[in-house]
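Here's the structure we're looking at; comments come further down.
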Amino acid sequence: MICTHDNKKKIYAFDSTSIWQCADCAIIFSEKGREPFDSKELYNTYYYKNEIAGRFNWWLELVVKAFRFFRAFKIFTISPRARSILDIGSGRGFMLCYLKKFYRYKRAAGTQISRGAFEFSRDKLGLEMYDRDLLELDFPDASFDLVTLWHVFEHIREPERYLKKIRNMLTKKGKLVIEVPNFGSWTRKLTGRYWLGLDVDYHIYFFTPSALCMLLKKYGFKIKLVHTFSLEYSTFISAQSIISLLTRSDQFFFRYLQVEKATSMNLRVFGHMLLFLVISPLCFIVNILLFFSKKGEVLLVIAEK
């Protein structure tokens, strides 16, 4: 049965919301999970300015595309024989595009509720796209060799219903890949409310390695790999969280990098850039050392049907 989280305890209290942990399933969640909100309105107004510029400044968008190419290669190494994939919350679809172009995927589908990103993926990249929530779609059983959720699972309202549906959609021995911020990370414990992975305005659920694996096993998945390092995210999340703690600045540099909230270069921005140059190498080393410790910044779980 789907856990109702009635047996819960409060572990964080913020100005606008609280964070709770379920004593039955160990899942951590915010009050937003029990409040109605319009997901399409939320993400259309924040995550993507339009289908061309994307979420960040133009130079950082080039870095994002490079990471999406690396992500496509990672998918290939996870399941070299796979030829069909559904990427839930697929951004602007660059990973799917690279899988079709370089790895000969016959079917590379994605879901995206942000209108601009959806239209870019469908019209500019020619991808098979769906602008609805997964639970509103009707895919036949055994439709995909792979299903992926890259920093999406923490945003959805009904994770258990997702897992039940995903398992039916996977082929025999099909794989599910989930990457989320690791609530058990070293900087979450060090920086508390300044941890970038909290993002309480948009994240509903939070996961530790043990809690996520337990949830996957509940729905019949076999855990194949767990680690807590991301070349794309770990160093930045760690550095930004520590800098926010030191400066009490509430993710100032991260917000500066985003198109809609960007401001011109000034002494404050320059100071934060210098802090990043000093702190980032140390954070990179720590996260590498914590690769298999379950204390790293980003949690990746690969599970098999």
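Taken together, the values in this text are just the output of simple stated rules run on the coordinates, not laboratory data. Bear in mind that the values here come from a model prediction, so they are computed numbers and not experimental data. Every residue, glycine among them, receives a Cβ derived from its backbone with ideal geometry; neighbour counts consider all protein chains shown.
Just a few scattered comments:
- Charge tally around Val301: other residues with Cβ under 12 Å, Lys/Arg +1 each, Asp/Glu -1 each, net +3.
- Mean Cα-pair separation over length for segment 126-190, i.e. relative contact order, pairs under 8 Å, 6 or more apart, %: 42
- Over 25 Å apart at the Cα level, from the set Lys100/Lys175; Lys74/Lys224; Lys9/Lys175; Lys65/Lys217; Lys124/Lys173; Lys106/Lys172, are Lys9/Lys175; Lys65/Lys217; Lys124/Lys173.
- Among the listed values (1) 22.0; (2) 19.0; (3) 20.0, the one computed from these coordinates for Kirkwood radius over Cα pairs in Å is (3).
- Bins of 5 Å from zero: percent of alpha-carbon pairs in segment 152-203: 4, 16, 21, 18, 15, 11, 9, 5, 1
- Tail weight of P(r) past 19 Å, computed on alpha-carbon pairs of segment 235-305, percent: 43
- Applying the criteria of a DSSP loop state and at most 11 other Cβ atoms within 10 Å to the trypsin sites (Lys or Arg not before Pro) of segment 99-165 yields Arg104, Lys106.
- Comparing Cα centroids, segment 107-178 and segment 197-228 end up 17 angstrom apart.
- More than 25 Å apart - percent of Cα-Cα pairs taken over segment 177-305: 29
- DSSP bridge pairs, the chain: antiparallel proportion in percent, nearest 5: 55
- All Cα-Cα separations within segment 97-197 were binned at 5 Å from zero, giving a P(r) of 2, 10, 17, 21, 19, 13, 9, 6, 2, 0, each value a whole percent of the pairs.
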